[in-house]
Amino acid sequence: MIIDELRTPIVLAPMAGGPSTPELTAAVSRAGGLGFLAAGYLTAPATAERIAATRALDGGPFGVNLFVPGTPTPVDRYARYLDELGRAFSLGEPKFDTDDWAAKLDLLTADPVPAVSFTFGCPSAQEIERLHAAGSEIWVTVTSVAEARIAREVGADVLVAQGAEAGGHRGTFADRAEDDATDPLTILALVQLLTAAVDLPVVAAGGIATGAGVAAALAAGATAAQLGTAFLDCPEAGTAQVHRDALALDIPTMLTRAFTGRRARGLRNRFMLDHPEAPVAYPEIHYATGPLRAAARASGDADAVNLWAGQAHALAGREPAGELVRRLSEEAKAALEKALSRRIQCY
Ligand SMILES: Cc1cc2nc3c(=O)[nH]c(=O)nc-3n(C[C@H](O)[C@H](O)[C@H](O)COP(=O)(O)O)c2cc1C
C-alpha cells in the first residue's frame, strides 16, 4: 500500500475551490509525504489538465480526490433562504449537478493515479472495483464507525478519519439537520473508535498543524496524518489573499451551512453569524452564493467569503510546502521521542 511506502506519514489534504494546486501536491509528494489533488468543482477535462500538470512536476506518487454526488433538494426547502440573501446580494442559479462524477470516474479508470480519495459519501462496490482494476487504491473519508463499516463493506483500502476539528466541509455520507443536535466526533475519539472497530489503515484529519499533532495521531493508532489548513498559507497553495490574511488572526472557527448548504468549518465571519439557520441544500446553495463569494474575495471583504479552516489555523505554516513537510516530520519524531521518555510503569 502506498501509505506504507511513504518516507514520512504526512498527507496533504485535497482542498477544492482554489487552495489545491499541482505545485502544492507535487511539493508534498517530493518531500516524502503524499500529495492529494482536489478535483471537486472541476470538470473532467480540467481534472485531466491538473493531473497532467502534477505529473509534469515529477514529485512522485499522488492521489486525486472526488466529491460523491448527493441528490437534488426540493426548491421549497431553500427558497426562503435565497429570497433573504437575494435582498442583499446578487445570486447565481441554485442548480443541482453531480460535479461531473461519471466523467471523472471514466477519466481515472482510463488514466489511473495511485490513490483516489472520496468525500461526501461512499462510492459503490462496482465503482471501487473499476478503480481497483485500474490499479488505484481507494481512500474514503469517514466521520463515524457506521460510515467506516460501509466503506469497508464496499472495498475501501484506507479510511480517512475526519474529526470535528477539521477545516472545510464535513465529509459525512449524508448532511442532515437532525444530526446537528449531537456533537461530531473529535479526531482522537474517532481514531481510537475506528482502529478498534474496523481492520483498515486510518489516516487522521482535523486540527493537526504541528509535528506533535502528527505524533499524537500516530500514537492513537493512525497510520498517517492528513493536514489541510496547515498548508493553506504555503506559497504553492492557490489560497486567496483574504483567506491567507485571516488565518493568523485570533478568530474562532465555527460550523456553518450559510455558504454552501452543506456543513463546513470556517473562520467565523459576519455572513455565518447572519445566517445560522441556513438550510441543507448542497450544491444548490453553493452555486447560488458563488457570485457573492467571488465578489467578496476580489474586494478583500473577509466577512462574505467562506474562509474554510480547521481549529488549529493559527499554527498554519508559511514556508514552502516541502520545508513544512520536513519540519513537521522532525517535530513529530522529536515529540514521539519525548513521549517515550516519560515513565510508564506497568505493575
Ligand atoms: C480550504 C479547504 C478545502 C477543503 N476541500 C476538501 C476537498 O476538496 N476534499 C476533501 O476531501 N476534503 C477537503 N477539505 C477537508 C480536508 O480533507 C481535511 O479533512 C481537513 O483539512 C483536515 O483538517 P485541518 O484543515 O484542520 O487540517 C478541505 C479543507 C479545507 C481547509
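Points worth noting:
- Neighbourhood charge, 14 Å Cβ-Cβ cut-off, centred on residue 139 and excluding it, Lys, Arg +1 and Asp, Glu -1: -4
- Counting every alpha-carbon pair across region 150-199, the share separated by more than 13 Å comes to 64%.
- Percent antiparallel among DSSP beta bridges (both partners in the chain, rounded to 5): 20 percent
- Shape descriptor for region 98-221: Rg over Rh equals 0.98 (Cα atoms; Rh from the Kirkwood inverse mean 1/r).
- Comparing 156, 39, 304 in a Gaussian network model of the chain, where Cα atoms under 10 Å apart are tied by springs, the biggest mean-square fluctuation is seen for 304.
- Residues with amide H under 5 Å from that of residue 35, placed H, sequence gap 5 or more: 12, 29, 63
- 259, 120 arranged by Cβ crowding within 10 Å, fewest neighbours leading: 120, 259
- Only helical runs count toward this figure. For the chain, summing -39,500 (n - 2.57) over DSSP H runs of n ≥ 4 and dividing by all residues gives -11500 deg cm²/dmol at 222 nm.
- Converting the Cα gyration tensor eigenvalues of region 63-106 into ellipsoid dimensions via √(5λ) gives semi-axes, longest first, of 29, 12, 8 Å.
- If you wrap region 244-347 in the convex hull of its Cα atoms and look at it from every side, the mean projected area works out to 10.4 nm².
- Bins of 10 Å from zero: percent of alpha-carbon pairs in region 43-154: 12, 35, 27, 19, 7, 0
- Averaging the Cα positions of each part gives two centres, and for region 318-341 and region 1-77 these lie 23 Å apart.
- Over the chain, the hull volume per residue, using the convex hull of the C-alpha atoms, is 136 Å³.
- Separation of region 95-126 and region 165-186, taken as the distance between their Cα centroids, equals 22 angstrom.
- Region 199-255, relative contact order [Cα under 8 Å, separation at least 6], %: 29 percent
Rule-based calculations on the coordinates, nothing more; no lab input. Only a predicted model underlies this, so the values are computations on that prediction, with no experimental measurement involved. No Cβ is skipped: glycine too gets one built from the backbone with ideal geometry, and neighbour counts run over all protein chains shown.
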